[in-house]
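Participant: Below is the structure I would like to discuss, written out as structure tokens.
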Amino acid sequence: MKSDQKSKTLGPRSAFLVAELYERHKTIFSNRDIEAISGLSHKSARGLALRLVERGLATRLKPGLFILVPADLGHEREYLGDPYIAAAEIVGGGSGYFISHASAMDIHQMVTQPQFVVFATTTKAIRPRSVLGTEFRFVRCKPEHFFGAMDHWATKTRKIRVSDLERTLIDGLRQPEYCGGFSEVAKGFWMRRQDMEVKKLVDYALMLDIGAVYRRLGYLLELFEVEAGDQLELLRKKLTASYVLLDPMLPEEGKFIARWRLRLNVSPEEIGAIIRT
């Protein structure tokens, strides 16, 4: 332990607070929780929280919100816990969010690379923040587009909200830049294609009513030879005459494919090579 760091020893009041937080299963807690447990005033509760952080007993997730550093970490003074639970707490919990995009792909086992940014979709504007090197980004969603979420047990005792398989893919097709690019979305689809309901995918696309999603979804379904029945025609009926890029993150190049009004700046051969890696 560095000599300029304060000891992690607990005074009587801090010891009582920490013990009570564990007893109530509130390892993530707020200034209000401290007030309720200790009976301290708002100002005094803030001071006690600050001392916990200074002594390495807690990490601040955002102003007024903290997570306890487990005692079994010894002298370690920085701890984030499960980043997806942290994201839910930063948002404020409740039903107004779901873990999404690349993070949902990670939860649904649609990625093969470690993730260093946590994405959550919310109905309100929340500024991005970084906690102990983990970046949290919040994607604002219109209330009418807020659908397709499910419960996920992040731990044995804590559930969070996450986009379901189909919504995760649709979000990736809508905003590939939050998922590592179109190729990563395509790879994730390939990995879980047998578990996805094509009708639900198309229903979600129709509910969002975004031209790029119609185009990219139809193209992927055909490219991977997914049995889609009459669902492809539902997508094709929604197409306009304009073309969009298959991957908006890449240069405007590649051939045009009239059937789906797409410019293929990622070739089928490149996608095939990626899904085989």
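Participant: Only Lys, Arg, Asp and Glu count, each charged at its Cβ (+1, +1, -1, -1), so figure out the dipole size of the chain about its Cα centre, rounded to 20 debye. Write down the numbers at each step before the final one.
Facilitator: Numbers: 41 positive and 34 negative charges, 214 e Å.
Roughly 1020 debye for the chain.
Participant: I'd like the distance between the alpha-carbon centres of region 51-78 and region 159-217, rounded to an integer number of Å.
Facilitator: 37 Å
Participant: Could you work out how far apart the two model spin labels at residue 256 and residue 112 are, taking each label as a point 7 Å from the Cα in the direction of the beta carbon, and quote it in nm?
Facilitator: Label-label distance for residue 256 and residue 112, simple model: 3.5 nm.
Participant: How about region 24-86: which trypsin sites (Lys or Arg not before Pro) there are in a DSSP loop, with at most 15 other Cβ atoms within 10 Å of their Cβ? Let's see the in-between values first.
Facilitator: Numbers: sites: 24, 26, 32, 43, 46, 51, 55, 60, 77; in loops: 24, 26, 55, 77.
Those that pass, being in a loop and sparsely packed, are 24, 26.
Participant: Still on this structure, please answer the following. What list do you get for 25, 101, 145 if you sort them by fewest beta carbons within 10 Å? Write down the numbers at each step before the final one.
Facilitator: Values: 25 9, 101 27, 145 17.
Taking fewest neighbouring Cβ atoms as first place, the list is 25, 145, 101.
Participant: Another question, if that's okay. Mind running the shape call on the chain? Use the C-alpha gyration tensor, a ≥ b ≥ c as the square roots of the eigenvalues: rounded below 1.5 for a/c, prolate if a/b tops b/c, oblate otherwise. Walk me through the numbers on the way to the answer.
Facilitator: Details: a/c = 2.97, a/b = 2.48, b/c = 1.20.
It is prolate, given that a/c is not under 1.5 and a/b is the larger ratio.
Participant: Right, something else. Quick one: if the Förster radius is 30 Å, what FRET efficiency do residue 42 and residue 19 give, using the C-beta to C-beta distance and rounding to 0.05?
Facilitator: Numbers: r = 22 Å, r/R0 = 0.73.
Efficiency, from the Cβ-Cβ distance: 0.85.
Participant: Tell me the relative contact order for region 101-256 as a rounded percent, counting alpha carbon contacts under 8 Å between residues six or more apart. Can you show the working numbers first?
Facilitator: Numbers: 190 pairs, mean separation 30.1, N = 156.
This gives 19 percent for region 101-256.
Participant: Separate question: Please compute the net charge surrounding residue 117, taking Lys and Arg as +1 and Asp and Glu as -1 over other residues with Cβ under 14 Å from its Cβ. It would help to have the intermediate numbers written out before the result.
Facilitator: Working: positive: 129, 137; negative: 106, 135, 177, 184.
Net charge around residue 117: -2.
Participant: Once the Cα atoms of helix 165-174 and of the chain are each reduced to a long axis, what angle between those two axes, in degrees from 0 to 90 to the nearest 10, is obtained?
Facilitator: For helix 165-174, the angle is close to 70 degrees.
Participant: Is the C-alpha gyration tensor of region 82-163 telling us rounded, prolate or oblate? Criteria: a/c under 1.5 is rounded; beyond that, a/b larger than b/c is prolate, otherwise oblate. Mind dumping the intermediate values first?
Facilitator: Values: a/c = 1.32, a/b = 1.14, b/c = 1.16.
Cα axes put region 82-163 in the rounded bin.
Participant: Normalised by the number of residues in region 110-186, what is the relative contact order in percent for Cα pairs under 8 Å and 6+ residues apart? Provide the component values of the computation, followed by the final result.
Facilitator: On the way: 85 pairs, mean separation 15.0, N = 77.
Relative CO of region 110-186 lands at 19 percent.
Participant: Could you tell me the relative contact order of region 58-141? Use alpha-carbon pairs under 8 Å, at least six residues apart, and round to a whole percent.
Facilitator: Numbers: 126 pairs, mean separation 18.7, N = 84.
About 22 percent, as a whole number.
Participant: Also: Just to be sure I understand: of the beta bridges DSSP finds with both ends in region 82-163, what percent are antiparallel, rounded to 5?
Facilitator: Working: 11 of 18 bridges.
Bridges in region 82-163 are about 60 percent antiparallel.
Participant: How much mean residue ellipticity at 222 nm does the chain get from its helices, if each DSSP H run of length 4 or more adds -39500 (n - 2.57) and you divide by all residues, to the nearest 500 deg cm²/dmol? Display every interim value, and only then the final one.
Facilitator: Working: 11 runs with 108 residues, N = 277.
Computed mean residue ellipticity for the chain: -11500 deg cm²/dmol.
Participant: Separate question: Against the longest alpha carbon principal axis of the chain, how many degrees, from 0 to 90 and to the nearest 10, is the axis of helix 12-23 turned?
Facilitator: On a 0 to 90 degree scale, this one is about 40.
Participant: Another question about this same structure. What percent antiparallel are the DSSP beta bridges of the chain, to the nearest 5? Numbers along the way, then the final one.
Facilitator: On the way: 21 of 30 bridges.
Beta bridges within the chain, antiparallel portion: roughly 70 percent.
Participant: Taking the Cβ-Cβ separation of residue 72 and residue 50 as r and a Förster radius of 30 Å, what is the calculated FRET efficiency to the nearest 0.05?
Facilitator: For residue 72 and residue 50, the calculated efficiency is 0.80.
Participant: Let me ask you something else. Enumerate by residue number the GluC sites (Glu not before Pro) in region 75-107 meeting two conditions: DSSP loop (anything except H, G, I, E, B), and at most 14 other Cβ atoms within 10 Å of the site's Cβ. Before the final figure, lay out the partial values.
Facilitator: Working: sites: 76, 78, 89; in loops: 76, 78.
Counting only loop positions with at most 14 other Cβ atoms within 10 Å, the GluC sites (Glu not before Pro) in region 75-107 are 76, 78.
Participant: What's the local net charge at residue 231, with K and R +1, D and E -1, over the other residues with C-beta under 12 Å away? Could the numbers behind the result be given before it?
Facilitator: Working: positive: 199, 200, 236, 237, 238; negative: 197, 203, 222, 227, 230, 233.
Net local charge, residue 231 excluded: -1.
Participant: Give the residue from 58, 191, 139 lying farthest towards the positive end of the charge dipole for the chain; charges sit on Cβ (+1 for Lys and Arg, -1 for Asp and Glu) and the dipole is referred to the Cα centre.
Facilitator: Projecting each Cα onto the dipole axis, the largest value belongs to 58.
Participant: Next up: Tell me whether region 12-73 comes out rounded, prolate or oblate; compute the Cα gyration tensor, take square roots of the eigenvalues as a ≥ b ≥ c, and use a/c under 1.5 as the rounded threshold.
Facilitator: Rounded, because the longest to shortest axis ratio a/c is under 1.5.
Participant: Something else now. Which trypsin sites (Lys or Arg not before Pro) does region 236-267 hold that lie in a coil by DSSP with at most 11 other beta carbons within 10 Å?
Facilitator: Details: sites: 236, 237, 238, 255, 259, 261, 263; in loops: 237, 238, 261.
When the trypsin sites (Lys or Arg not before Pro) of region 236-267 are filtered for loop state and at most 11 Cβ neighbours within 10 Å, 237 remain.
Participant: Eight or more residues apart or on different chains, and alpha-carbon atoms under 27 Å: count the Lys pairs in region 1-132 matching that.
Facilitator: Lysine pairs meeting the criterion: 12.
Laboratory data are not the source of any read-out in this text; all were calculated from the coordinates shown. Values in this document were obtained by computation on a predicted structure and should not be read as measured data. For neighbour counting, all protein chains shown are included, and Cβ atoms are generated from backbone atoms with ideal geometry for every residue, glycine included.
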